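Only the coordinates and a few stated rules stand behind these numbers; no lab work does. Just so we're clear, the structure is a prediction, and the values are computed from it rather than from any experiment. Cβ atoms come from the backbone with ideal geometry, glycine included; neighbour counts cover every protein chain shown.
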Amino acid sequence: MDGWAALADPTRRTIFELVVTRPRAVVEIAEVLPVSRPAVSQHLKLLKTAGLVVDRAEGTRRIYQANPDGLRELRVQLERFWTDALVNFKQLVEQPEEDT
Amino acid sequence: MTTQAQDTSVRTEIVVNVRAERAFRLFTERFDRIKPREHNMLGVDIAESVFEPRTGGRVYDRGVDGSECQWGRVLAYEPPTRIVFTWEISPIWQLEPDPAKRSEVEVRFVEDAPERTRVELEHRHLDRHGDGWDGLRAGVAADEGWPLYLQRFAAALDDAA
């Protein structure tokens with residue numbers, strides 16, 4: 001799942017907004033949202049897979065924060081954008097001449 | 001079709017079974033059919049995406065209400081082998097007003113057999129956008145930093161929906 005799809009879910013977007021304002025532990029997020037701790041963990045796992053957040057261990061807790069490596073995320077987005085564009089192009093260009 | 005990413009560029013290519021002249025012509029004339037629609041920087045639906053076929057030409061989206069959003073300029077127009085245009089869109093899919101933070105896209109049309117053209121696309125100098133990310137990173141502590149970025153991100157998402 002990419003960053004855009006990951007943020008389509010309102011709960012995930014709220015969680016992401018919370019961790020970008022400052023790094024937070026799962027329990028801190030669960031305290032301010034009507035969502036269980038395991039559910040928060042699930043959402044964070046997805047955000048991490050999408051490259052939007054990174055985590056680190058701090059004692060027994062896991063702290064999540066926004067992923068500062070934006071360039072990598074940008075490359076992923078553009079790769080998909082241009083790949084889609086060239087696939088569209090191939091479909092268009094290989095149609096019979098009279099259609100184009 | 002292969003896709004390859006390097007640190008500061010994205011490269012992708014595709015082979016089409018037509019001559020370079022036709023590939024070049026359709027890429028520029030029918031750009032509207034090629035550009036994916038999911039990222040829209042206009043407040044309204046896109047009616048058409050236009051690639052003006054000359055050096056110095058504009059690359060822009062036109063909305064259904066007639067409004068326009070120019071997000072690129074043609075740097076090289078060399079039929080039937082090559083085009084280069086600027087990419088004036090920030091990493092959060094907003095127009096980039098700072099000329100220093102623009103990347104560029106080169107498309108090469110290489111006819112390597114009769115009726116067979118390899119189309120190579122390179123989107124390079126992505127590190128120029130990186131300045132923007134550094135700025136955003138520096139702004140994390142400030143109230144207007146990440147929240148502002150998020151607002152724009154959310155707005156772009158809504159536009160894309």
Residues of type lysines that B:K101 reaches as a straight line, Cα spacing below 24 Å, ignoring anything fewer than 8 places off in the same chain: B:K35
Nearest-0.05 FRET efficiency for A:V76 and A:E31, computed from C-beta distance (R0 30 Å): 0.40
